[in-house]
Amino acid sequence: MPEPRFPGFDVLAQARYWDRETAAVVYARTGPQPPLRFFTPAEEATARALLDQLLDHPEPPLLRMIDARLAELETDGWHYADMPPDDQAWRRSLHALDEDADGPFAALTEAQQRALIGRVGALDGERWHGLPARHVWSLWTRYACTAYYSHPTAWNEIGFGGPAHPRGYLRLGVGKREPWEVADAHSHPP
């Protein structure tokens, strides 16, 4: 594992500067997550393996965060015209992974999973199981990245001090750190 870029940084130490509502939302992301309500057990196994391949981070609990969004129909507010609504697209794409795996996608080796997902990503303008492959890829990565970067674990990794409301930003401009920001331990970004 590479050295952290912001060693010792803990965004939750900034919570005293957030309003009560914001702090409650952020702290809720760090606590126990609700049980799965959207994914079936088979879909859960496939989705977990997919997310492990896409981001390879055991924390935060991406699967539960995505499941909660889909159960509540909390989408991005849009979907591609050639795609079904996100909840249906997730189900169809997970079933398609299992179909291409000739059984549970989660039962494949990591290398086999990577290869199968890579084939979907490489299809670009083609259709995959009746869905536009590039839009399936967008669906998976949008949800995975949104879940990941909405969690304080990721904020610590990137040195993000959390919500600026109500304190605001003081030093606008390239290379200007706020008083609560820490310096990058690496002289050059990875």
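Scoring I158 on the criteria (1) in contact with a Ser or Thr (Cβ under 6 Å, 6 or more places away or on another chain); (2) of a type in the set (A, V, I, L, M); (3) surrounded by fewer than 17 Cβ atoms within 10 Å (Cβ to Cβ) leaves a single failure, condition (1).
Matching residues to (1) part of a loop (DSSP other than H, G, I, E, B); (2) under 30 Å from P32 (Cβ atoms):
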position: R114; (1), (2): no, no
position: V136; (1), (2): no, no
position: L139; (1), (2): no, yes
position: T146; (1), (2): no, yes
position: A164; (1), (2): yes, yes
position: L170; (1), (2): yes, no
position: V174; (1), (2): yes, no
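Pairs are defined by a Cβ separation below 7 Å, a sequence spacing of at least 6 or placement on different chains, a first member in region 115-138 that is closer than 17 Å to H79 by Cα, and a second member that is assigned to a helix (DSSP H, G or I) and polar (S, T, N, Q); the pairs so defined are L131/S93; V136/S93. Can you find even one residue in region 71-85 that is closer than 25 Å to G161 by Cβ and of a type in the set (F, W, Y)? No, that holds for no residue. W140 falls short on exactly one of the conditions (1) surrounded by fewer than 15 Cβ atoms within 10 Å (Cβ to Cβ); (2) closer than 26 Å to P84 by Cβ; (3) hydrophobic (A, V, I, L, M, F, W, C); (4) within 17 Å of the chain's Cα centre (by Cα), and that condition is (1).
Within region 1-17, residues that are within 21 Å of P163 (Cβ to Cβ) and surrounded by 13 or more Cβ atoms within 10 Å (Cβ to Cβ) have Cβ atoms under 7 Å from residues that are of a type in the set (F, W, Y) and modelled with pLDDT of 90 or more in these pairs: V11/W155; V11/F160, counting only partners at least 6 apart in sequence or on another chain.
The values are calculated or read from the model by the stated rules, or taken from the named source; none is laboratory data. Everything quoted here is computed from the prediction, not taken from an experiment. Positions of Cβ are generated from backbone atoms using ideal geometry, with glycine treated the same way; all protein chains shown enter the neighbour counts.
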